[in-house]
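Engineer: Dropping the structure in here first, questions after.
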Amino acid sequence: MNESDLKKIRKIAEQIAEKNPVNVSDADSDNYHSVLQELNIHKIELELQNEELRNTQVHLEYNKNKFADLFNSAPVSFIVLDSGGYILEANMTFLETTGSVMENVLRKPFHEFMADDSKRSFLGQYKSFFKNPTDKIIDVELISKNDNALILRLFGNKDDQPNSGDPDDHLRVAAIDITAQIEAEKKQNYTIQKLIEANLKIKEQQASIVE
């Protein structure tokens with residue numbers, strides 16, 4: 001709690017104490033009465049602070065469960081890696097994509113799920129990617145549960161790491177499947193190349209006719 005919150009709690013405690021004053025006999029001195037009143041206010045303050053802490057704990061637990069639900073149900077593969085590229089957490093989408101169970105994924109090197117060429121590329125880029133993932137991407141070829149090759153584009157983020165005492169030791173990675181996009185680009189490039197070749201043939205034929 002910050003100083004402003006504590007002042008608010010103090011004010012509320014004083015208001016409650018005024019409505020429920022401490023009963024002392026007339027023989028008691030004013031000083032004794034003031035001490036008792038202050039102790040009563042302090043007791044109310046502690047009760048209010050405990051209530052505030054309980055509410056905060058409930059709120060944090062709710063957000064934690066909400067994050068866990070979003071993390072696991074996202075249509076995108078999410079994993080959390082340490083500085084060595086070992087998997088600390090993985091969502092259900094990643095498990096389904098790789099055909100793995102959580103026990104066979106945690107503490108395993110992420111590159112073990114990649115094709116050989118991607119392993120070398122990933123390991124060569126990961127240190128820089130982990131240190132500063134902002135505006136950086138890595139494309140890797142992942143082996144799916146059906147032994148099909150999937151092209152994943154990796155985006156990193158080091159903010160709000162789950163279960164992280166030190167965010168510098170963890171990297172949250174979103175792995176987006178761009179296989180269809182890559183295939184579409186290949187087809188588009190193939191079509192463009194064929195059009196260029198056809199255009200060259202037409203020009204050759206026109207030149208031949210002219211001759």
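Engineer: Tell me which residues come under 5 Å, amide H to amide H, from ASN91 once H is placed; ignore anything under 5 positions away on its chain.
Structural biologist: Amide H neighbours of ASN91, under 5 Å, 5+ apart: PHE78.
Engineer: Could you go through region 96-110 in sequence order and give the Karplus-derived ³J(HN,Hα) for each residue, using 6.51 cos²θ - 1.76 cosθ + 1.60 with θ = phi - 60°, rounded to whole Hz, and x for Gly and Pro?
Structural biologist: Once rounded to whole Hz, the list reads 5, 5, 8, x, 10, 10, 4, 4, 8, 10, 4, 6, 9, x, 4.
Engineer: Continuing with the same structure: Karplus couplings for region 120-132 from phi (6.51 cos²θ - 1.76 cosθ + 1.60, θ = phi - 60°), rounded to Hz, Gly and Pro as x?
Structural biologist: Those phi angles translate into 5, 5, 4, 5, x, 9, 5, 4, 5, 4, 5, 5, 8 Hz.
Engineer: With θ set to phi - 60° and the Karplus curve 6.51 cos²θ - 1.76 cosθ + 1.60, what are the ³J(HN,Hα) couplings of region 76-91 in order, to the nearest whole Hz, using x for Gly and Pro?
Structural biologist: 9, 5, 10, 9, 10, 10, 8, 5, x, x, 8, 7, 9, 8, 8, 8
Engineer: If you don't mind, another one. Considering only Cα-Cα distances, which of the following residue pairs are longer than 28 Å: LYS108/LYS186; LYS119/LYS186; LYS127/LYS187; LYS127/LYS186?
Structural biologist: From LYS108/LYS186; LYS119/LYS186; LYS127/LYS187; LYS127/LYS186, over 28 Å: LYS108/LYS186; LYS127/LYS187; LYS127/LYS186.
Laboratory data are not the source of any read-out in this text; all were calculated from the coordinates shown. Please read all numbers here as calculations on a predicted model, not as lab measurements.
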